[in-house]
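S.K.: Quick one: the structure is below, and I'll ask about it shortly.
The values are calculated or read from the model by the stated rules, or taken from the named source; none is laboratory data. All values derive from a computational prediction rather than experimental measurement. With ideal geometry, Cβ positions are generated from the backbone for all residues, glycine too; neighbour counts draw on all protein chains shown. Each accessible area value is taken on the protein alone, full model and side chains, heavy atoms only, with ligands, DNA and RNA left out. Shrake-Rupley method; radii C 1.70, N 1.55, O 1.52, S 1.80 Å.
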Amino acid sequence: MRVYNFAAGPSTLPLEVLEQAREEFLDFAGTGMSVTEISHRDKAYEAIVREAESLVRELLGVPQDYAVIFVQGGASQQFAAVPLNLMHNKKADYIVTGNFAKKAWEEGKIYGEAVKIGDSSDKTYTYIPDINKLSYSDGADYLHITSNNTIFGTRYPEFPKCKAPLVADMSSEIFSREINVADFGVIYAGAQKNLAPAGVTIVIAKRSLIQDPLPFCPTMLKWKVQDENGSLYNTPPAFSIYMANLVLRNLKAKGGVKAMNEVDVYKAGLLYDFIDNSKLYKNYVVREFRSIMNVPFVTGSEELDAKFVSEAKKAGLVSLKGHRLVGGMRASIYNAMPVEGVKALIEFMKKFEKENA
Ligand SMILES: *Cc1c(COP(=O)(O)O)cnc(C)c1O
């Protein structure tokens with residue numbers, strides 16, 4: 001029996017997609033081979049990469065002068081790729097709103113002056129610094145933000161506007177909210193949160209910004225090279241891109257990002273409303289910065305939290321343990337989590353509260 005999986009990543013995928021992948025696994029598109037066995041130079045495989053690229057473009061409204069590429073190494077590899085492609089003046093701004101944002105900033109420091117212009121660690125990352133009150137550095141090559149903070153459950157309701165190109169790690173929220181890609185210089189996202197199995201990372205980058213990577217940038221990290229080769233410079237993470245393509249088709253069939261966002265907002269609303277009205281559970285994030293993808297909550301007792309996680313598992317609601325940095329629980333309710341999954345979680349929370357209050 002399938003469970004409701006609230007893992008932060010790798011995470012749940014749409015059931016229809018898993019079924020389709022199973023269906024065509026042994027004989028992909030009449031090739032007599034599985035998609036994991038065919039050459040990435042085979043026309044049948046190339047078609048997948050081109051379709052996935054064009055679906056990303058369509059679903060996010062990516063302008064023509066932006067590259068859309070599929071790369072490896074996870075979002076963490078992009079922490080280095082960002083400065084290696086963009087840091088010509090050896091200076092960039094970073095807003096540190098969580099663990100991954102901090103890692104990106106620390107990686108940036110290897111290559112130049114990475115200026116931390118905002119930091120919400122004073123309140124354990126439960127808010128996003130006021131973007132209108134930050135002092136952006138003159139001559140910065142870019143400003144790096146983490147648009148949704150997976151561990152702490154925060155997100156930017158609006159994005160900073162500054163002179164330097166905006167670079168956003170959208171790993172845990174891409175395709176869950178409408179964005180204007182032209183407001184960004186670069187967007188990147190590891191796929192294993194809201195899109196596909198682990199192994200592939202999407203990079204969307206304005207082409208005019210990426211023509212001149214730093215001289216010591218490894219070839220594999222040059223976005224320009226990946227773009228010129230249509231993400232097929234070397235062997236791509238073939239299966240993950242194939243799965244991403246199926247999820248993108250599925251998203252399009254469900255009405256695209258706008259329709260998905262409505263469902264996501266609804267799901268998150270159900271859960272936050274319940275938490276806010278309960279006596280047992282608490283979410284510490286400042287309301288206006290609450291993520292619609294990752295919802296952390298606690299009971300106030302570590303012992304009770306542990307009991308919650310283990311009993312929820314027995315009830316078919318798995319991977320609810322919070323990140324080790326924050327403890328408690330976290331429900332990741334990505335696009336692929338059905339409304340019924342969130343309702344089942346709330347029913348369980350009610351029952352648990354009654355039994356343990
Ligand atoms: C998970 C995550 C990462 C790290 O992704 P990897 O693919 O494991 O490198 C980076 N940023 C954010 C926002 C994430 O959620």
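S.K.: Pull out the extension gain between residue 161 and residue 219, defined as 0.36 nm times the separation in residues minus the alpha carbon to alpha carbon distance; nm, one decimal.
M.R.: 17.8 nm
S.K.: For a test of the definition: using alpha carbon positions, the gyration tensor, and the 1.5 limit on a/c, classify region 254-356 as rounded, prolate or oblate.
M.R.: Prolate is the answer for region 254-356, as a/c is 1.5 or above and a/b outweighs b/c.
S.K.: Along the charge dipole of region 224-316, which of 297, 263, 310 sits closest to the positive end, that is, farthest toward it, with unit charges on the beta carbon of Lys, Arg, Asp and Glu (+1, +1, -1, -1)?
M.R.: Comparing the listed Cα positions along the dipole, 263 ranks first.
S.K.: When 1/r is averaged over all different Cα pairs and the result inverted, which Kirkwood radius in Å belongs to region 1-115?
M.R.: 17.9
S.K.: Given labels modelled 7 Å from the Cα in the Cβ direction, how far is it in nm from residue 273 to residue 15?
M.R.: Reported label-point gap for residue 273 and residue 15 is 2.4 nm.
S.K.: From Cα coordinates alone, what are the radius of gyration and Dmax values for the chain in angstrom?
M.R.: Calculated on Cα positions, Rg and Dmax stand at 20.6, 63 Å.
S.K.: If you don't mind, another one. Taking amide hydrogens as modeled 1.01 Å from N in the peptide plane, which residues meet the under 5 Å criterion relative to residue 116, leaving out close sequence neighbours?
M.R.: 94
S.K.: Kindly rank 1-14, 328-341 from highest to lowest mean number of other beta carbons found within 10 Å of each residue.
M.R.: 328-341, 1-14
S.K.: Related question: Setting aside same-chain residues fewer than 8 positions from residue 123, which aspartates and glutamates have a Cα under 18 Å from its Cα?
M.R.: Candidates past the 8-residue exclusion: 288.
S.K.: Build a GNM of the chain with springs between Cα atoms under 10 Å: which of 208, 120, 137 gets the top mean-square fluctuation?
M.R.: Its mean-square fluctuation being the largest, the pick is 208.
S.K.: Next up: If each residue of separation counts as 0.36 nm, what is the full-extension length gain between residue 119 and residue 287 once their alpha-carbon separation is subtracted?
M.R.: Separation in residues times 0.36 nm, less the Cα-Cα distance, equals 58.7 nm.
S.K.: Ranked highest first by the average count of other Cβ atoms within 10 Å around their residues, in what order do 178-187, 212-221 fall?
M.R.: 178-187, 212-221
S.K.: Let a ≥ b ≥ c be the square roots of the eigenvalues of the Cα gyration tensor of region 191-259; is it rounded (a/c under 1.5), or, if not, prolate (a/b larger than b/c) or oblate?
M.R.: prolate
S.K.: Let me ask you something else. Relative contact order for region 1-150: what is it in percent, counting Cα pairs under 8 Å that are at least 6 residues apart?
M.R.: Worked out over region 1-150, it gives 19 percent.
S.K.: For region 296-346 and region 139-212, what is the centre-to-centre distance using only Cα atoms, to the nearest Å?
M.R.: When both Cα centres are located, 27 Å separates them.
S.K.: Right, here's the next one. Per residue of region 3-20, in order, report the coupling 6.51 cos²θ - 1.76 cosθ + 1.60 (Karplus, θ = phi - 60°) as ³J(HN,Hα) in whole Hz, putting x for Gly and Pro.
M.R.: Calculated HN-Hα couplings, in order: 9, 8, 9, 9, 4, 7, x, x, 9, 5, 10, x, 4, 4, 5, 4, 5, 5 Hz.
S.K.: Another question, then. With the cut-off at 30 Å, tell me which of the pairs 102/252; 133/224; 254/282; 43/254 have Cα atoms farther apart than that.
M.R.: 102/252; 133/224; 254/282
S.K.: Also, quick follow-up: Tally Lys and Arg at +1 and Asp and Glu at -1 over the other residues with C-beta under 9 Å from the C-beta of residue 153: what net charge comes out?
M.R.: +3
S.K.: Under Stokes-Einstein, with the Kirkwood radius over Cα pairs standing in for Rh, what whole-number D in µm²/s applies to region 114-164 at 25 °C and 0.890 mPa s?
M.R.: Once the numbers are plugged in, D ends up at 207 µm²/s.
S.K.: For the chain, what does the helix formula give at 222 nm: sum of -39500 (n - 2.57) over DSSP H segments with n ≥ 4, over the residue count, nearest 500 deg cm²/dmol?
M.R.: Estimated from H runs of four or more residues: -11500 deg cm²/dmol.
S.K.: OK, next. Counting DSSP beta bridges with both partners in region 16-253, what percentage is antiparallel, nearest 5?
M.R.: 45
S.K.: With springs only between Cα atoms under 10 Å, which of 177, 57, 287 fluctuates most in a Gaussian network model of the chain?
M.R.: Sorting by GNM fluctuation, first place goes to 287.
S.K.: Sticking with this structure for a sec: Contact order normalised by length for region 254-356, with contacts defined as Cα pairs under 8 Å and 6 or more residues apart; what percent is it?
M.R.: 27
S.K.: When all protein chains stay in place, what accessible area (Å², nearest 10, 1.4 Å probe) is found for residue 25?
M.R.: Accessible surface of residue 25 is approximately 80 Å².
S.K.: Between residue 134 and residue 350, what is the label-point separation in nm under the 7 Å Cα-to-beta-carbon projection?
M.R.: 4.1
S.K.: Keeping every protein chain present and rolling a 1.4 Å probe, give me the accessible area per residue for the chain in Å².
M.R.: Accessible area per residue: 44 Å².
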